[in-house]
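Input: a single structure, listed below in structure tokens.
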Amino acid sequence: MSLASQQVLGLTSSEPGALLFEASLKLNRRDHTFYGYITEVNKQPDGMAFAMEQCLDAAADQMEPCAQKSLMRAAQMGRALCDEGQRGADANRFYLTARELRVANNLRLLGMAITNREWVVGGVK
């Protein structure tokens, strides 16, 4: 498990990415307490952009499409809540990660299991 995955998916993690992920899960369950998590992330300077980056990194490290989808939803929520100046760079990173996940998942369907680390080391990126 990579550092980003540990920071976001760890049981007792208080990292911005973990808070954003939990807020996304609560919003999907229509739980009104999600706003408290968003407030905590926004207390930190550049917290939302950093949280989004953590969720994207964690999604790229996951092999299970269901986990990737949940983390990408959290990143999408973070992108929507980012300040106006941060959205441009974040949008490019979001769409690049989504494309890489789509390709990697299709390769896995064909029987070629490839991780994000292998993707980067192989020079595909």
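Cβ-Cβ contacts under 8 Å between residues 6 or more apart (or on different chains), taken from a first residue in the stretch 30-50 that is of a type in the set (S, T, N, Q) to a second residue that is surrounded by 11 or more Cβ atoms within 10 Å (Cβ to Cβ), are listed as Thr33/Lys26; Asn42/Met48; Asn42/Leu81; Gln44/Pro16; Gln44/Phe50. As a summary of the residue check, Gln44 satisfies the conditions (1) surrounded by 15 or more Cβ atoms within 10 Å (Cβ to Cβ); (2) modelled with pLDDT under 90 except for the one numbered (1). Is it the case, given these coordinates, that Arg73 is in a helix (DSSP H, G or I) and at pLDDT 90 or above? Judged against the criteria, Arg73 is a match. Confirm whether Glu64 is among the acidic types (Asp, Glu), modelled with pLDDT of 85 or more and more than 10 Å from the chain's Cα centre (by Cα). For Glu64, the condition - among the acidic types (Asp, Glu), modelled with pLDDT of 85 or more and more than 10 Å from the chain's Cα centre (by Cα) - is met. So is Ala60 of a type in the set (A, V, I, L, M, F, W, C), in contact with a Ser or Thr (Cβ under 9 Å, 6 or more places away or on another chain) and either surrounded by 15 or more Cβ atoms within 10 Å (Cβ to Cβ) or touching a residue at least 24 places away in the same chain (Cβ under 8 Å) (or both) or not? Answer is yes for this residue. Looking only at the stretch 76-92, filter to residues that are surrounded by 11 or more Cβ atoms within 10 Å (Cβ to Cβ) and at pLDDT below 85; which one of those is nearest to Glu15 (Cα to Cα)? The selected residue is Cys82.
The values are calculated or read from the model by the stated rules, or taken from the named source; none is laboratory data. If you're wondering where the values come from, they're calculated on a predicted model, not measured in any experiment. We place every Cβ from the backbone using ideal geometry, glycine too, and count neighbours over all the protein chains shown.
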